[in-house]
1. What is the helix-to-structure angle for 213-229, meaning the angle in degrees between its Cα long axis and the longest Cα principal axis of the chain, kept from 0 to 90 and rounded to the nearest 10?
2. Could you tell me which residue out of Ile81, Thr390, Ala696 lies farthest along the dipole of the chain toward its positive end? Charges go on the beta carbon: Lys and Arg +1, Asp and Glu -1, centred on the Cα centre.
3. How would you rank 226-237, 45-56, highest first, on the average number of other Cβ atoms within 10 Å across their residues?
4. Efficiency by 1/(1 + (r/R0)^6): what FRET value for Asp603 and Arg677, r their Cβ-Cβ distance, R0 = 41 Å, to the nearest 0.05?
5. Got a sec? Which residues in the stretch 392-409 would a label at Thr590 touch, if it sits 7 Å along Cα→Cβ and we count backbone N under 17 Å?
6. Which of the chymotrypsin sites (Phe, Trp or Tyr not before Pro) across the stretch 257-358 are loop residues per DSSP, with 13 or fewer other Cβ within 10 Å?
7. Give me a comma-separated list of calculated 3J(HN,Hα) values for the stretch 310-319, in order, Karplus coefficients 6.51, -1.76, 1.60 applied at θ = phi - 60°, integers in Hz, x for any Gly or Pro.
8. Students often get this wrong: which residues of the stretch 564-599 have the backbone nitrogen under 15 Å from the point 7 angstrom along Cα-to-C-beta of Ala476?
Amino acid sequence: MRWRIARRALTVGAAAIVAVVAAALWLDQRYPPVLDRYEDLSRLVVDRDGGVLRAYTTTDGMWRLPAGVTDVSPAYLDMLIAYEDRRYRWHPGVDPLALARAAAQAVRHGRIVSGGSTLTMQTARLLQPRPARTLGAKLVEMARALQLEWHFDKHEILSIYLTLAPFGGNLEGVRAASLAYFDKEPASLTLDEAALLVSLPQSPSLSRPDRAPDRARHQRDKVLTRLADSGVLDDRAAAEALAAPVPNLRRPLPFRAPHLADRLAAAHPGETHITTFIDGDLQTALEELAADHLSGLDARANIALMVADHATGAVRAHVGSADFFAEARAGQIDLTRAVRSPGSTLKPFVYALGFEDRLIHPDTLVRDAPRRFGAYAPSNFDPVYAGDVTVAEALIRSLNIPAVAVLDRIGPARLTARLAGAGAALRLYEPDAPPGLAIALGGAGTTLADLVTLYAGLARGGRAPALRFTPLDGPAGTERLVARPEAAWYVTGILAAIPPPSTLVDPAYIANGRRIAYKTGTSYGFRDAWAVGYDRDHTVGVWVGRPDGTPSPARYGRNTAAPILFRVFQLLPTPGGDVLGPAPANVIDTQEAALPDRLRHFDGAGPAVDASGAARLGDRPVAIAFPVDGARLDLPRLPDGFDTVPLEAEGGQRPLVWLVNDRPLPAGGPARTVEWRPDGRGFARITVIDAAGDAASVAVWVE
């Protein structure tokens, strides 16, 4: 009897193999493998280490995350192959021994008991699902399995399986399942977790741990027991895995840096896998930090944070709002890009231009007293005045009158041109009117991202990097003038001397002993609280306020945003040196020499101010401050051509004449800044000539 069954099984098996091979050859000539489902993957935005920041469902509503052999733990792979297809590594897609066993069972019982299904056959079924479990469907599946083996190697076939295997609901692929059930990447699966994910594809709907945890445990334990009996697992490891609990809920997939992820996905519609420069652990920590601080604010207030590596411009963390789903807090608005009043955060750049022009020095005395500047009469944040103070003290105490007095000398137009040239153009409340002195105190609009750019420039010795979120933004290296090196060094020394906020009573809290150069700001009416700072390696920006612009009385930069800033620095690595590096050339060290007479006191007298607001600097050679020599200008295209570029000159005797490729520009005269609209891509030489005939030139590339 047994001999007859075996002979019939061999006959049936041999006939099936011949039929399958013939079908596979026929299929391969006419119908190549169909990979549509494997190619319709969830779009992923990932951190710098490949961890998922945010995923998007596929066109058919599935969480189908790509997963390869190297993305999962070796223990999971070993268990999967040992349980599902122990001869996977050597069979040609169809296992002859398993097929013979299945044929014998079919002959004995008169029906198909087991299909001898291999992982390759399961992969073929996942690529082209067939609802009926008939003999014909099984033969097609075998033929497709042979075809897959001819076109792909074993690792590639496993990768398809690991991406398409069902795990219940709209979860497909081991990566989606691992994130949903264990909140971890599959490379970190433990034995009990791996066993559960090995078992789930057998009955994904009936064994979902979030709906049927007892059945899920039974299926998992079945895998562990069989592998222990076969010697794949030792008894102790199996016992520990059997004792582990089974998850009873399904977690949402990662949802970190959602504003940035949405923006990048929209900006790169053809990219299915977008790698960012985000540090995943830091991002998670900052989102938790923002949420913690949110609980102490107004019910409609929100928080935005940004951290950048100023050596490269790479953004390491981006919190667009502290609660994405809070409608009352306008949580879905990316508040790192919202235009707000910067308060006093622009004062360092006012003083930087004063340092550049040698109008002032940190030890220069400046008078803080009520004063009118034409029709403009600013006052201090506190209704008291300090009298004669040094410039350094004026900036440390954020006194308003000295800052406005310095801006009155250098000119608001020059400040706005410098900031625009650095990539942080201010939004004036009256765009058609010239900028006024109020911009020193926040009388213009800017964004958190722009402030991070500007302060990163101070940290880099005066050259601002372009913020980069992904390698798709291009290589690092683009930099634009914020301040000359000596001015940036002076400002950094002053900002590093600002004491930490009073809420941080422990001096050791200053970020593990590091010095932080930082500045706070509060907009008019307590609408915006800011803190922006940097150490040797990172620049951090914090904004707190109500997105709708409603005032938040008694909440200002120092008591609201600065404590958050210092806590962010606590989460960053210890920097590679002190924030104040070696002194550059042209620095006047008052410990070694006395200040020149003209720098001992700043009283507002000196070079006159022309209609544009720019001081005469005829005692210095003419030079082009922007763009810098060798710059690559990546300009947006407008309907009428390229966007304009501000050309900024310093020094020299006016009037000035500007030339581009030896052709004069129509604008010129007393203004030190003119607008140039390139007429095409490519090389351009920009020249400025002053009234004395002195000239300066730079070469740039427009792209």
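1. Tilt relative to the chain: about 70 degrees.
2. Ile81
3. 45-56, 226-237
4. 0.50
5. Within reach of a label on Thr590: 392-399, 402-403, 406.
6. Numbers: sites: Phe277, Phe324, Phe325, Phe349, Tyr351, Phe355; in loops: Phe277, Phe324, Phe325.
Those satisfying the criteria are Phe325.
7. Once θ is set to phi - 60°, the couplings for the stretch 310-319 become 6, 5, 10, x, 5, 7, 8, 8, 8, 10 Hz.
8. 573, 575-577
Each value in this text was obtained by applying a stated rule to the coordinates, not by laboratory testing. It should be emphasised that the depicted structure is a prediction, and the values quoted were computed from it without experimental measurement. Every residue, glycine among them, receives a Cβ derived from its backbone with ideal geometry; neighbour counts consider all protein chains shown.
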